[in-house]
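*Asks:* So that we are looking at the same thing, I have put the structure below in C-alpha cells.
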Amino acid sequence: MSKKEETHLNALQKNKQNELNVLNGYVQVLKEYHKNLLEKSKNTDEDYLKSKLNLEVYELAIKIDSNVNLLNSKVKEYNNIYTKDKE
C-alpha cells in the first residue's frame, strides 16, 4: 500500500470515528432530554399537560431507539472495516 493510500484510509477512519462520536453525543443528549421530560411529566398534576408530556416522552423514546440502532449498526460496520485488518 502506498503512503498516499494509507493517508487516505487514515482520513476515512478518522471521519468515521468522528461520525460515531457525533451520533453517540446526539444519543446522549436525547437520553438526557428524555429523562428530564419524564421527570417533568411525573411532577405535573394537570391532566392535559401530563398527557402531552407523556406523548413527547413516547415519541422521544422511539427517536432514541432508532438512533441507538443506527449507532449500533455503524459501530459494527466500523469494526468490520477497521478492526478486522488489525487482527
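*Asks:* Among the listed residues Lys31, Lys4, identify the single one that is part of a helix (DSSP H, G or I) and surrounded by 10 or more Cβ atoms within 10 Å (Cβ to Cβ).
*Replies:* Lys31 is the lone residue from the list that is part of a helix (DSSP H, G or I) and surrounded by 10 or more Cβ atoms within 10 Å (Cβ to Cβ).
*Asks:* Considering only region 7-15, I want to know if a residue exists there that is touching a residue at least 40 places away in the same chain (Cβ under 8 Å) and exposed (fewer than 15 other Cβ atoms within 10 Å of the Cβ).
*Replies:* Yes - at least one qualifying residue is present in region 7-15.
*Asks:* When Val57 is evaluated against the numbered criteria (1) within 30 Å of His8 (Cβ to Cβ); (2) in contact with a Ser or Thr (Cβ under 9 Å, 6 or more places away or on another chain), which criterion, by number, is the only one it fails?
*Replies:* It fails just one condition, (1).
*Asks:* Sticking with this structure for a sec: Taking the stated definitions as given, is Leu55 at pLDDT 95 or above and surrounded by fewer than 13 Cβ atoms within 10 Å (Cβ to Cβ)?
*Replies:* yes
*Asks:* Additional query: Looking at the structure I just gave you, is Ile64 closer than 23 Å to His8 by Cα, surrounded by 12 or more Cβ atoms within 10 Å (Cβ to Cβ) and touching a helix residue (DSSP H, G or I) at 6+ places or on another chain (Cβ under 8 Å)?
*Replies:* no
*Asks:* Within region 1-38, how many residues turn out to be more than 9 Å from the chain's Cα centre (by Cα) and either among the acidic types (Asp, Glu) or farther than 30 Å from Leu49 by Cβ (or both)?
*Replies:* 20
Okay, residues lined up against (1) in a helix (DSSP H, G or I); (2) touching a helix residue (DSSP H, G or I) at 6+ places or on another chain (Cβ under 6 Å); (3) of a type in the set (A, V, I, L, M, F, W, C):
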{"site": "Ala11", "(1), (2), (3)": "yes, no, yes"}
{"site": "Gly25", "(1), (2), (3)": "yes, no, no"}
{"site": "Ser41", "(1), (2), (3)": "yes, yes, no"}
{"site": "Leu49", "(1), (2), (3)": "yes, no, yes"}
{"site": "Glu59", "(1), (2), (3)": "yes, no, no"}
{"site": "Asn80", "(1), (2), (3)": "yes, no, no"}
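The values are calculated or read from the model by the stated rules, or taken from the named source; none is laboratory data. What you see is a predicted model, and the numbers here were worked out from it, not measured in a lab. Neighbour counts are summed over all protein chains in view; Cβ atoms, including those assigned to glycine, are modelled from backbone coordinates with ideal geometry.
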